[in-house]
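The values are calculated or read from the model by the stated rules, or taken from the named source; none is laboratory data. Predicted model only: the values in this text are computed from it and were never measured. Using ideal geometry, Cβ is built from the backbone for each residue, glycine included, and neighbour counts are taken over all protein chains shown. These area figures cover heavy atoms from the full protein model, side chains too; ligands, DNA and RNA do not enter into them. Shrake-Rupley method; radii C 1.70, N 1.55, O 1.52, S 1.80 Å.
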Amino acid sequence: MTVTWTSGYGIGEAVPFVEWGPKGGQPIRSPAGTLTFDRNSMCGEPARTVGWRDPGFIHTSFLKELWPNTLYTYKLGHILSNGTYVWSQEYKFRASPYPGQNSLQRVVIFGDMGKAEADGSNEYNDFQHGSLNTTKQLIRDLNNIDIAFLIGDICYANGYLSQWDQFTAQVEPIASTVPFMIASGNHERDWPGSGSFYGNKDSGGECGVLAETMFYVPTENRAKFWYSTDYGMFRFCVADTEHDWREGTEQYQFIEHCLASVDRQKQPWLIFLAHRVLGYSSATLYADTGSFGEPMGRESLQKLWQKYKVDIAIYGHAHHYERTCPIYQNICTNKEKQHYKGAMNGTIHVVAGGGGAGLAEFTTLNTKWSFFKDYDYGFVKLTAFDHLSLLFEYKKSSDGKVYDSFTISRDYRDILACTVDSCPSTTLAS
């Protein structure tokens, strides 16, 4: 478990730590490391100029040797140079289940959230009002959420750094209670000449520094924001669409290793996450180019999704909700819409970009592989009941009610079953 927070105390002024322990048990203390960055770390304006604001200091502590499923409490602390203490309020979290553990596990996933003023007052980039309802619904249902993923376009600061403080304050009730994982989007990373795959200025000169420093994720190199993470019966492979993912690249090798290395007998639910739609989308922004998804996306990756039998791929970037059939090479491999049994023979692609930023239009063209569309704000929830049964739900942020759902029921034999382009080699030898 990793705890990250910001303060105004540098390493010469105070020693940061976390005091934590099982609820009602003896607390212990774990030290925290301290990072910061300066104006010269920004790639361009406004982040280097009018948008700059000193970020203070970012502290990260690793709470180790947790007992699975155990409820813990924790407080953030600083020992000042005169020996006095400064404390935060007390928080709580439940430790993750052991990888492969057979128990109820609930995951929330959404993209393109942003932040907004609760009193309706104007602010920079004033198009993210839907984020307040999303935040409210997640907090309301927090006792039924085990882990959350915000898959890119996090707060739309776009180089005005104080906006990050507003966002983290908005999501603190969630992020302080359950693991809050992020992916990199264009509004965090993209800047010309900075190594991003896309040469636009969507990050406002931040070029990834804010997201990479303020949030900890288990990457080998935070500047390469792709990673895998396990939660009980789930394996999540999180791609970084703002770096090249095509065959032969470092990220492509990571994606294949992430998908290939999971033990599907212990972790049957294999989920691929990314910001831009590397699979299928009916959004106007993609349909107008004729690609119906990020150009070169599925052309590069669909053989991996098929070979390793990815159950669901979820994206943001297009600000609405959409779900496809199980699909491979533009063809639905299963016409069922709500109750899948046995091998699906393809991957279901979902766009969950309605976290709060202004909504995106759908094309009027008939995309036959699209089973459900919703021009509204919302998020998706995956509930694994056991190794055999998964429930997928799409909920609107306005009321928290379910507007689309499906189930998957299968056993290990169905995962092993041979299908198109996923058959292992065999021999006639006995």
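So the values come out like this:
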item: Residue count for segment 228-257, restricted to those that are open to solvent by less than 20 Å² (accessible area, probe 1.4 Å) and either farther than 19 Å from G316 by Cβ or of a type in the set (V, I, T) (or both); result: 7
item: Residue match in segment 130-144 (condition: of a type in the set (A, V, I, L, M), over 17 Å from the mean Cα position of the chain (by Cα) and within 14 Å of G378 (Cβ to Cβ)); result: yes
item: Whichever residue in segment 280-298 is open to solvent by less than 20 Å² (accessible area, probe 1.4 Å) and assigned to a loop (DSSP other than H, G, I, E, B) and, among such residues, is farthest from Y375 (Cα to Cα); result: E294
item: Segment 22-46 - residue that is open to solvent by less than 30 Å² (accessible area, probe 1.4 Å) and in contact with a helix residue (DSSP H, G or I) (Cβ under 8 Å, 6 or more places away or on another chain) and, of those, nearest to I147 (Cα to Cα); result: F37
item: Residue satisfying condition, being part of a strand (DSSP E or B), of a type in the set (S, T, Y) and at pLDDT 95 or above, within set T229, T177; result: T229
item: Yes/no for E90 being surrounded by fewer than 15 Cβ atoms within 10 Å (Cβ to Cβ) and either among the basic types (K, R) or closer than 26 Å to G353 by Cα (or both); result: no
item: Verdict on S61 being more than 29 Å from D190 (Cα to Cα) and assigned to a strand (DSSP E or B); result: no
item: Hey, Y216 among the aromatic types (F, W, Y) and out of contact with any Phe, Trp or Tyr (no Cβ under 8 Å at 6 or more places or on another chain) or not; result: yes
item: Filter result for the condition that a residue is over 16 Å from Y216 (Cβ atoms) and open to solvent by 90 Å² or more (accessible area, probe 1.4 Å), over E19, E65; result: E65
item: Unmet criterion (only one of (1) open to solvent by 10 Å² or more (accessible area, probe 1.4 Å); (2) outside any strand (DSSP E or B); (3) within 17 Å of P173 (Cβ to Cβ)) for K115; result: (1)
item: Residue ID - nearest to T363 (Cα to Cα), chosen from residues in segment 284-316 that are touching an Asp or Glu at 6+ places or on another chain (Cβ under 7 Å) and at pLDDT 95 or above; result: T284
item: Residue that is most open to solvent (accessible area, probe 1.4 Å), among those in segment 330-351 that are closer than 20 Å to Y286 by Cα and touching a strand residue (DSSP E or B) at 6+ places or on another chain (Cβ under 7 Å); result: C332
item: Neighbours by Cβ (under 7 Å, 6+ apart or cross-chain): first from segment 82-97, assigned to a strand (DSSP E or B); second at pLDDT below 95; result: K92/K23; F93/M1
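Results for (1) open to solvent by 10 Å² or more (accessible area, probe 1.4 Å); (2) over 18 Å from the mean Cα position of the chain (by Cα); (3) assigned by the TED database to the domain that holds L382, shown as yes or no for each residue.
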position	(1), (2), (3)
G159	no, yes, yes
Q170	yes, no, yes
P179	yes, no, yes
S194	yes, yes, yes
Y198	yes, yes, yes
M214	yes, no, yes
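Each row is one residue, and each column tells you yes or no for (1) in a strand (DSSP E or B); (2) buried (at least 22 other Cβ atoms within 10 Å of the Cβ).
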site: A318; (1), (2): no, yes
site: T324; (1), (2): yes, yes
site: L359; (1), (2): no, no
site: R413; (1), (2): no, no
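Residue-wise test of (1) polar (S, T, N, Q); (2) crowded, with 17+ Cβ neighbours inside 10 Å; (3) free of Cβ contacts under 8 Å to residues at least 24 places away in the same chain.
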position: P173; (1), (2), (3): no, no, no
position: S176; (1), (2), (3): yes, yes, no
position: N186; (1), (2), (3): yes, yes, no
position: G204; (1), (2), (3): no, yes, no
position: W226; (1), (2), (3): no, yes, no
